[in-house]
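Everything below concerns the one structure shown next.
Every number here is computed from the coordinates shown, using simple stated rules; none is lab data. Keep in mind that this is a model prediction, so the values were computed, not measured. Backbone-built Cβ (ideal geometry, glycine too); neighbour counts: all protein chains shown.
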Amino acid sequence: MSEKNAVHGPQAETHEVSLPPEVKLLQEVTPPFFPEGGSAMTILVEWPPGHPGLPPHRHSGPAFGYVIEGAVRFELEGEPERVIKAGGTFWEPGGDVIHYQDGNAQSDAPNKFLVTMVCAPGQPMLTLVDEEELKERAHLRAPRPSEG
């Protein structure tokens, strides 16, 4: 089995799994520690052309996504905005990090993406960020493309 088809995981030396050629590894990350009692959900998001997505928000735990169709404009606090096209993946650590954008990057076609989110025990999966906090944390946001 080629290295490309081996999934090592965080403890590669003891838990290696070989995948058949029909299975393609799309993303492998080590998320932050997650406490016992959490939950997870997978959602399907379908934005119409040009939809801005959700307003700035944060997730209580890590989130992992895959773009099925179209393109997603994705931006996390401290990272530049980027466009993720169909077949691409994204992830975010959750917790205190603000998720600024998840809208449709195309004005002429819909997009579709899956997100699996891990929820911290006793916390909502998603919390909107108010204008006051956005102003307080503005220095943590990467420069906007229009700002150069």
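The table that follows gives values for the structure above.
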read-out: Region 50-148 pair-distance distribution - Cα-Cα, 5 Å bins, rounded %; value: 3, 13, 22, 25, 20, 12, 4, 1, 0
read-out: Residues Y100, Y66, sorted so that the one with the fewest Cβ neighbours within 10 Å comes first; value: Y66, Y100
read-out: Taking region 31-141 and dividing mean pair separation by its residue count, relative contact order in percent (alpha carbons under 8 Å, at least six apart); value: 41
read-out: For region 48-85 and region 108-148, distance of Cα centres in Å; value: 8
read-out: Sum of -39500 (n - 2.57) over DSSP H runs of 4+, divided by residues of the chain (222 nm, nearest 500); value: -1500 deg cm²/dmol
